[in-house]
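Peer 1: Structure incoming, see below.
The values are calculated or read from the model by the stated rules, or taken from the named source; none is laboratory data. As the structure is a computational prediction, the values presented were derived from the model and not from experiment. A quick note on method: Cβ atoms are made from the backbone with ideal geometry, for glycine too, and the neighbour counts reach across all protein chains shown. The accessibility values were calculated without ligands, DNA or RNA, using every heavy atom of the protein model including side chains. Shrake-Rupley method; radii C 1.70, N 1.55, O 1.52, S 1.80 Å.
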Amino acid sequence: FWIADVAQHFPDRFDHEGWTMPEVMFVWGNNPLIANSDGFFGHWVIDLMKRGMKLVTVDPKVTWLASKSELHLRVRPGTDAALACAWLNVIINEDLYDHEFVEKWTTGFDVIAEHVQEWTAERAAEICQIPVEDVIGSARLFASGNCSAIQWGLAFDQNMSAMALNLAAVDLMAICGNIDTP
């Protein structure tokens, strides 16, 4: 299962007319250049970077991809869910979400919007031990990207807040209209 759609299924890959490159990809708790449980190693991330895709890395470790990223969020291990919930807070409260997609394709938006009110950027910055400006800026970048993608790894599932993190990540993709986009 590939999280990010990187034209794996097309014979002509990136040149297929039915595929659009993500404007920004968030590599979160994953180092696809050296490991991927799917056996689909991350040379494609570099290929997309060469084509102009922006990259943000969310990982406590400095990896090669992190060193080449627009932004590297070195979250304190195990605090990823706080960051994801703060992104939801910023995107909802700044009205950056895709209203049409939310109205047509989602349920429970009001519940999520209410729940994330306690997850301010300031609170997440303190918990994650990253600058508040990076929490806010990365949320805005995710919401503003044309079909932004999250490429997450096993670290999501082994996180002490795994369920909250996975649900928040899927909610982020949904409220920004990044579900089933090329």
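Peer 1: Counting only GluC sites (Glu not before Pro) that are in a DSSP loop and have at most 14 other C-beta atoms within 10 Å, tell me the longest site-free stretch of the chain.
Peer 2: That gives 95-182 as the longest site-free run.
Peer 1: In a shell of Cβ-Cβ distance under 14 Å around residue 159, excluding residue 159 itself, what net charge do Lys and Arg (+1) and Asp and Glu (-1) give?
Peer 2: For residues surrounding residue 159, the net value is -2.
Peer 1: How much area per residue is accessible in the chain when the probe is 1.4 Å and only protein heavy atoms are counted (Å²)? Write out the running numbers ahead of the final one.
Peer 2: Numbers: 9170 Å² over 182 residues.
Result: 50 Å² of accessible area for each residue.
Peer 1: Considering only the other residues whose Cβ falls under 13 Å of the Cβ of residue 124, what net charge follows from Lys and Arg at +1 and Asp and Glu at -1?
Peer 2: Combined, the nearby Lys, Arg, Asp and Glu give -4.
Peer 1: What is the sum of charges, Lys and Arg at +1 and Asp and Glu at -1, for the other residues whose Cβ falls under 11 Å from the Cβ of residue 49?
Peer 2: For residues surrounding residue 49, the net value is +2.
Peer 1: Could I ask something else about it? So which residue, out of 143, 35, 124, gets the largest mean-square fluctuation from a GNM of the chain using Cα contacts under 10 Å as springs?
Peer 2: Of 143, 35, 124, the most mobile in the Gaussian network model is 35.
Peer 1: Express the relative contact order of the chain as a whole percentage, based on alpha carbon pairs under 8 Å and six or more residues apart in sequence.
Peer 2: Relative contact order of the chain: 31 percent.
Peer 1: Calculate what fraction, in whole %, of the accessible area of the chain sits on carbon and sulfur atoms when a 1.4 Å probe is rolled over the protein chains.
Peer 2: On the way: 4860 of 9170 Å².
In the chain, the share of accessible area belonging to carbon and sulfur is 53 percent.
Peer 1: Running Debye on the stretch 106-182 with equal point scatterers at the Cα sites and no solvent, what base-10 log of I(q)/I(0) appears at q = 0.12, 0.13 Å⁻¹?
Peer 2: Values, matching the q order: -0.37, -0.44.
Peer 1: Next question. Anyone know which of 22, 131, 11 comes out most mobile in the 10 Å Cα GNM of the chain?
Peer 2: Fluctuation is largest for 11.
Peer 1: Which residue, 50, 68, 104, tops the fluctuation ranking in a GNM of the chain built on C-alpha contacts under 10 Å?
Peer 2: 104
Peer 1: Then there's this: When the Cα atoms of the chain are enclosed in a convex hull and the volume is divided per residue, what value in Å³ results?
Peer 2: Dividing the Cα hull volume of the chain by its residue count gives 111 Å³.
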